[in-house]
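The structure appears below as C-alpha cells.
Just so it is clear, none of the values below were taken in a lab; they were calculated from the coordinates. Not measured: the values here are computed from a predicted model. Cβ sites come from the backbone with ideal geometry, for glycine too, and all protein chains shown count toward neighbours.
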Amino acid sequence: MTRKDIPNAISIIRILLVAPIVYLLLNGSYNWALIFFVVAGISDALDGFLAKRYDWASQLGSFLDPLADKLLLVSCFWICVLIDLVPVWLFVSILIRDLIVAFGALVYHFMVEEFYGEPPFSSKLNTAFQIVYLVMLIASQQLLDISATWIEFALYSVAATTAISGLEYIWLWGLKAWNIKVKG
C-alpha cells in the first residue's frame, strides 16, 4: 500500500464500520454507536481532504467515497426509521434523491459522455447536515439532553438540503447534457 492508497483505505474502513454501527443502534447501545458513527463521519472529511491536498485522488476513490457515504448514511437512516427515531418521510426523501442522482449519473454516463461529477456544494452540505442530524439524534438517546427544537431544526435542514441538492444535480447535469446534445 502506498500513501496514495490512504484515502481509499479510509473509505473501506468507513464501509466496514457500517455493520457495527447498525448492530449497536439496533441493540440500543447508543453511546458506542455514536463513537463509531463520529469516527465514520470524520473519516468522510479526512479521506476527501487527503485526496485533494496531496493529489491522492483516484478512479477507485471516486467510486469508494460516495459508496461509503451512501452505505453509512442510508443504513443509519433506515435503522433509525425502524427504531422510531427518524420519520419515514425523511428517509424516503433521502432515498429518492439518492436514487435520482445515481440513475441520472448512469444515464448521463451512457447517453451523453463519461461521467466525472464533482458533487456540488449543496450535496456536500447535505451530507454534513445528515451527519450532524444523526450525531444529535444518537447522542440525545443516552448521552446528551438535546432540545427537541434543535433536533427538529436539524431534521428540516436535512430535508431542505436533500431537496435542494437533488434539484441542483438535475439542473446542472441536465443543462450540461442539453448543451452537449443540442449545441453539439
What number of residues in segment 15-56 are under 14 Å from the mean Cα position of the chain (by Cα) and either free of Cβ contacts under 8 Å to residues at least 12 places away in the same chain or not in a helix (DSSP H, G or I) (or both)?
2
When you look at residue 28, is it closer than 26 Å to residue 119 by Cβ and either of a type in the set (Ser, Thr, Tyr) or out of contact with any strand residue (DSSP E or B) (no Cβ under 9 Å at 6 or more places or on another chain) (or both), yes or no?
no
Condition test on residue 162, is it among the polar types (S, T, N, Q) and touching a residue at least 60 places away in the same chain (Cβ under 8 Å)?
yes
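Every residue, every condition in (1) of a type outside the set (A, V, I, L, M, F, W, C); (2) more than 16 Å from the chain's Cα centre (by Cα), yes or no:
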position: 97; (1), (2): yes, no
position: 111; (1), (2): no, yes
position: 140; (1), (2): yes, yes
position: 158; (1), (2): no, no
position: 177; (1), (2): no, yes
Scope segment 40-69; condition exposed (fewer than 14 other Cβ atoms within 10 Å of the Cβ) and over 26 Å from residue 99 (Cβ atoms); matching residues:
42, 49, 52, 53, 54, 55
Within segment 98-122, the residues that are surrounded by fewer than 19 Cβ atoms within 10 Å (Cβ to Cβ), part of a helix (DSSP H, G or I) and of a type in the set (Val, Ile, Thr) are 100, 107
Mind telling me which of the residues 73, 125, 155, 95 ends up being closer than 24 Å to residue 21 by Cβ and surrounded by fewer than 16 Cβ atoms within 10 Å (Cβ to Cβ)?
95
Of the residues in segment 142-156, how many are more than 16 Å from the chain's Cα centre (by Cα) and either in contact (Cβ under 8 Å) with a residue 60 or more places away in the chain or assigned to a helix (DSSP H, G or I) (or both)?
9
Considering each of 140, 147, 123, 165 in turn, give the residue that is among the hydroxyl-bearing types (Ser, Thr, Tyr) and under 15 Å from residue 74 (Cα atoms).
123
